[in-house]
Amino acid sequence: MTGKSGRDGASHTIFAVSSGAMPSGVAVVRVSGRSARRAIAALAPPVPEPRRAALRRIGPASDAIDRGLVLWFPAPGSATGEDVAEFHVHGGRAVVGALVDALGGVADLRPAEPGEFTRRAVLNGRMDLTEAEAVADMVAAETALQRRQALRQMGGALRERYDGWRARLVAALAHLEADLDFPDEDLPPGIAAGVAFEVAALVDEIASHLDDGGAAERLRSGVAVAILGPPNAGKSSLLNRLARRPAAIVSHIAGTTRDVVEVHLDLAGLAVALWDTAGLREDGGDEIEAEGMRRSLERAGSADLRLVVLDGAGWPEVPAATAAVMAAADVVVWNKADLRADLRADPGAVADPPAMEGPVLWVSALTGAGLPELEAVLAERAGGLAALAAGLGPTRTRHRSALEDTRAALTRALATAEAELAAEDLRVAATALGRITGRIDVEELLDAVFAEFCIGK
Ligand code: GDP
């Protein structure tokens, strides 16, 4: 007994509290495996009709724990593909604690490991790896767009695409192998050209799927925006202003000379991670400050978007250390607009300095003036990066690298004159593609396709 799921551990029946933090109105305790029925029989008999909620006294015969709903989902029509039982009880710690203890006392039952229910669902073919990932994304989603993206992926949007490509790839491979294995047979002419045509089409489709600039990954993990600028320009004040929203979560990332503060914002449904960085000092600062600046710039370099905050009191002077790192794509903000009486009297009196190409805004972190405009610009720029209108691209680096391997192998197959080598490349491509969904047994699929191919001839 390894306690792991997989061929071995799958023989064990697992249980866990599937609902959230306690105390809560209701807690759901789920049981999956061949002894799930036994768990109901032991703790809440009789076993209800499949998929019908039944109100039962729950607990060992001698010691009632609670009254609650019991559900019975026989395999394979369950979330995990195994026999599943659900106990809906009051979400009190003592209630759930007693139920969990009682389940632990039922023969063959053990507590589930993290993700084990979903893992079993994958092993039993109820979902593929992309759908399992989407379950995790759904639970972690903080914004509406993240939730929608997870829902689409959970519904099989990526699986269908990758499985479709894979099926075409394996069919192309079967044709190529037929050519190799039965050269004397009366195969229709032009099969090699047909294979090349199909492979080229796949290369094109994979390329355009990959070519979303990482938009789907950004949508999933949030667009990273770094705040840069001289000390005392009001970077922290602005961050705090922007963070003063219900959806904001402020976290401190340790390990930098000055903690880099990260705030998660929900901008028009889009997740944005805003990073405050150490000020860019003119004198370079002491050793520690210099290190802080180096890290700030490094961090800003990995951001998707940079917000440069300047002190409006000093307008139009851009301190040299900041000017040196500004780029055309940066969003530039002059802060402390409240100090500019001239701006209040005549906004046109303060014009944008000519050197800046990106959007330039006037805000006041103190009064909140200009903040809605800044949020709109950030939402628009971040939204553009996440390409909201585009179809669902690869949502994880794991998908991207497997797709790149697939494309490389297909491109090799097209370039080679040797049919045997091309076949091997197609095999490599099919395996790489199968890694994304978890279907990697090319031989098995090939057998199936090949059998059909021969019967048809
Ligand atoms: P940072 O070093 O860039 O993070 O700057 P801080 O946010 O710490 O602000 C530096 C100083 O400027 C503080 O004394 C703030 O109170 C002040 N400050 C920040 N924003 C504004 C603003 O919009 N108007 C005015 N008048 N003062 C501000």
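Please compute the length gained on full extension between residue 196 and residue 51, using 0.36 nm multiplied by the number of residues separating them and subtracting their Cα-Cα distance. Kindly include the intermediate steps, with their values, before the conclusion.
Working: separation 145, 0.36 × 145 = 52.20 nm, distance 4.98 nm.
Using 0.36 nm per residue and subtracting the Cα-Cα distance, I get 47.2 nm.
Sorted by mean Cβ packing within 10 Å, highest first, what order do the peptides 322-328, 415-421, 361-367, 209-215 take? Don't skip to the end; give the middle numbers.
On the way: 322-328: 14.3, 415-421: 11.3, 361-367: 20.0, 209-215: 18.0.
The densest-packed peptide leads the list: 361-367, 209-215, 322-328, 415-421.
Restricting to Cα pairs below 8 Å that are 6+ residues apart, what does the relative contact order work out to for region 7-127? Please round to a whole percent. Can you show the working numbers first?
Numbers: 244 pairs, mean separation 35.4, N = 121.
Relative contact order of region 7-127: 29 percent.
Choose one of 29, 47, 95: the residue whose Cα lies farthest towards the positive end of the charge dipole of region 7-127 (beta-carbon charges +1 Lys, Arg; -1 Asp, Glu; about the Cα centre).
47
Give me the percent of the accessible area of region 7-127 that comes from carbon and sulfur atoms, probe 1.4 Å, all protein chains in place.
Values: 3190 of 5900 Å².
Solvent-exposed carbon and sulfur of region 7-127 make up 54 percent of the total.
Keeping every protein chain present and rolling a 1.4 Å probe, give me the accessible area per residue for region 1-159 in Å².
Details: 7730 Å² over 159 residues.
Spelled out: the 1.4 Å probe surface of region 1-159, per residue, equals 49 Å².
Throw me the Rg/Rh for region 79-153, computed over C-alpha atoms with Kirkwood Rh, two decimals.
Radius of gyration over Kirkwood radius for region 79-153 works out to 1.06.
The values are calculated or read from the model by the stated rules, or taken from the named source; none is laboratory data. Worth saying up front: this structure is predicted, and the values here are computed from it rather than measured. Positions of Cβ are generated from backbone atoms using ideal geometry, with glycine treated the same way; all protein chains shown enter the neighbour counts. Surface areas here come from the heavy atoms of the whole protein model, side chains and all, with no ligands, DNA or RNA. Shrake-Rupley method; radii C 1.70, N 1.55, O 1.52, S 1.80 Å.
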